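Since the structure comes first, as structure tokens, the remarks are kept for the end.
The values are calculated or read from the model by the stated rules, or taken from the named source; none is laboratory data. Predicted, not measured: the structure shown is a model, and the values here were computed from it. Ideal geometry is used to build each Cβ from the backbone, glycine not excepted, and the neighbour counts take in all protein chains shown. Please note that ligands, DNA and RNA were not included when accessible areas were found on the heavy atoms of the full protein model with its side chains. Shrake-Rupley method; radii C 1.70, N 1.55, O 1.52, S 1.80 Å.
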Amino acid sequence: RTEFAREEIMSSGGAEDDIPQAERKTVTDFCYLLDKSKQLFNGLRDLPQYGQKQWQSYFGRTFDVYTKLWKFQQQHRQVLDNRYGLKRWQIGEIASKIGQLYYHYYLRTSETSYLNEAFSFYSAIRQRSYYSQVNKEDRPELVVKKLRYYARFIVVCLLLNKMDVVKDLVKELSDEIEDYTHRFNTEDQVEWNLVLQEVAAFIEADPVMVLNDDNTIVITSNRLSETGAPLLEQGMIVGQLALADALIIGNCNNQVKFSELTIDMFRMLQALEREPMNLASQMNKPGMQESAEKPARRENPHKYLLYKPTFSQLYTFLAASFKELPANSVLLIYLSATGVFPSGRSDSEGPYDFGGVLTNSNRDIINGDAIHKRNQSYKEMHCLHPGDLYPFTRKPLFIIVDSSNSVAYKNFTNLFGQPLVCLLSPTAYPKALQDQSQRGSLFTLFLNNPLMAFLFVSGLSSMRRGLWEKCQDYLRKINRDIAQLLTHSRSVDQSFLQFFGDEFLRLLLTRFIFCSATMRMHKIFRETRNYPESYPQLPRDETVENPHLQKHILELASILDVRNVFLENTLDDY
């Protein structure tokens, strides 16, 4: 390293002998820290992606070195400029790596506040124009660093719902890509243009716009806020289980995606997070906070985000989650995936006879929604069958399946007597709504943003902010009533009540019932396959077809002047 520093000094200014000892030491120390930080950063790739404990000390060491490096270059900027020839893009690279560390720390911990930290470092790079000189150098690899920085910044902004910043970044990235492809005749032009197309489609995925009085778009957040979930009231007897871990799996063909997040995965992950708090007041550095100091009730459930996993990847992550699940905790599995249907006739009706949802295989040719096999007597291999989840029902399990073959999971069996619930999407939507599937599933939209989904099925595509807020208030009232219906039901399966003590699961269950009741009252949702289902089944008359709830839905429709979309006397139609 000393040799490396000596070469750097020689190349950047005169003979080594002319340089004061202190300045030479500054350059040597900087080179050592830079070298060490790169080694540690590259080592992050070798850490296992699953398991929550092994990585923490390594992350802590990496943060330590980057913190030192960042402060060091700030304190000794003059010497490093003169003697090392420190360029602004190199400072940008350090800041970008720190932004990446915070983002990966968010992925590992699901603590949304780390996204704010990543955002502040990425913003500083842009505000201080650290990468502005890159375009003057004849080095395409440096320009690619800049483009990658933009792509990473966009992901963080999407996750923080900073859509106005995203739009500015997309415009800047577009100009940068144009300049890059114009100057260097590169082969990756198509890939970078695809990145632009993907993010543009992602931004436009929401089917309804909420508008301010000046016609600017209101950015709505769908994370859990203080007033989000209906509160538990006196007399509600519910379980004490807490949602601790979630697998969010996206394997839909042709769904809008950016980075390795489909729009369904993006919506579901936000439904399992609280609104971010400002980290500065809370803690100094990731991994350094003792559990005693943690802010009360701030924990988000830990999540694994799996984009198009193979069966073995999915099973490995599932087993890791299962193994590390604390006592009195729930594991949630969310599957947004193409349906796989059994191709042969089966005499039995076991957990491997109804198909399931697709797992990734690069060798299969996927034809529409079904996979064709040579031998009809074998079961589908690249498929997560209901039976594949049976071993994991030894602990409390909450499953959401959004698929054209979700009903395969209706034939579940609770072998071990642990709390178990499956929420299942409709397997088909009325023709009028089908063309929307690329922009995300309607069922998942109901679980993430029920009002937007309600407006969409009512044929509305934009809404004034004042009316939106009035409807949100009314929807909170509906949620409270659904909570009452469920907890006072005499015949509801106990599993629902055991999960109802957790805020996130309570909100998902009330939204599921609202979704199901809305679809059952809607004039164009007339087939059984248009309705969500659940295992165990909910008592219809006490929940999804309850007259009290139906009256509320009609009142919400009246506020929006769309009552004509719904059936008035739904009870008479069954």
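Quick rundown of the values:
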quantity: Segment 442-532 - charge dipole about Cα centre, Lys and Arg +1 at Cβ, Asp and Glu -1, debye rounded to 20; calculated: 340
quantity: Approximate spin-label separation GLU172-ASN411, in nm, with each point projected 7 Å along Cα-to-Cβ; calculated: 5.4
quantity: Computed helical MRE - 222 nm, the chain, DSSP H runs ≥ 4 contributing -39500 (n - 2.57), nearest 500; calculated: -14500 deg cm²/dmol
quantity: For segment 21-209: rounded, prolate or oblate by the Cα gyration tensor [a/c cutoff 1.5]; calculated: oblate
quantity: Surface accessible to a 1.4 Å probe, VAL565 within the full protein complex, Å²; calculated: 30
quantity: Cβ-derived FRET efficiency at R0 41 Å, GLN472 paired with THR528, nearest 0.05; calculated: 0.85
quantity: Local net charge near LEU332, Cβ-Cβ under 15 Å (Lys/Arg +1, Asp/Glu -1); calculated: -3
quantity: Between segment 436-471 and segment 513-574, the Cα center-to-center distance that results, in Å; calculated: 16
quantity: Residue (of SER123, GLN90, GLN78) at the positive-pole extreme of segment 40-161, dipole from beta-carbon charges; calculated: GLN78
quantity: Heavy-atom SASA rank of TYR84, TYR535 (probe 1.4 Å, accessible area, largest first); calculated: TYR535, TYR84
quantity: Extension reserve of the VAL144-LYS431 stretch, reckoned as 0.36 nm per residue once the Cα distance is removed; calculated: 98.9 nm
quantity: 16 Å reach of a label modelled at MET381, 7 Å along Cα-to-Cβ, counting backbone N of segment 312-342; calculated: 312-313
quantity: Linear extension gain, TYR58 paired with LEU231, 0.36 nm per residue minus alpha-carbon span; calculated: 58.3 nm
quantity: Estimated FRET transfer efficiency when R0 is 30 angstrom, pair GLN189-THR316 (beta carbons, to 0.05); calculated: 0.25
quantity: Degrees, to the nearest 10: 503-521 long Cα axis against longest axis of the chain; calculated: 50
quantity: Cross-link partners of LYS395 among aspartates and glutamates (Cα-Cα below 14 Å; sequence separation of 8 or more within a chain); calculated: ASP245, GLU324
quantity: Proximal aspartates and glutamates to LYS36, defined as alpha-carbon separation beneath 14 angstrom and excluding residues fewer than eight positions away on the same chain; calculated: ASP64
quantity: Separation between Cα centres of segment 74-95 and segment 165-235, rounded to whole Å; calculated: 33
quantity: Calculated FRET efficiency for the pair ASP179/LYS87, C-beta based, R₀ 25 Å, to 0.05; calculated: 0.85
quantity: Projected label distance in nm at GLN484 and ARG465, using a 7 Å step from Cα toward the beta-carbon; calculated: 3.2
quantity: Positive-end extreme of charge dipole, the chain - chosen from PHE341, SER516, PRO276 (charges on Cβ); calculated: PRO276
quantity: Paramagnetic label zone (point 7 Å from Cα along Cα-to-C-beta, GLU324; backbone N under 13 Å) in segment 105-132; calculated: 105-111
quantity: Surface accessible to a 1.4 Å probe, ARG480 within the full protein complex, Å²; calculated: 110
quantity: Label-point separation, GLN78 to MET209 (7 Å along Cα→Cβ), nm; calculated: 5.3
quantity: Euclidean distance between Cα centres, segment 298-341 to segment 374-417, Å; calculated: 14
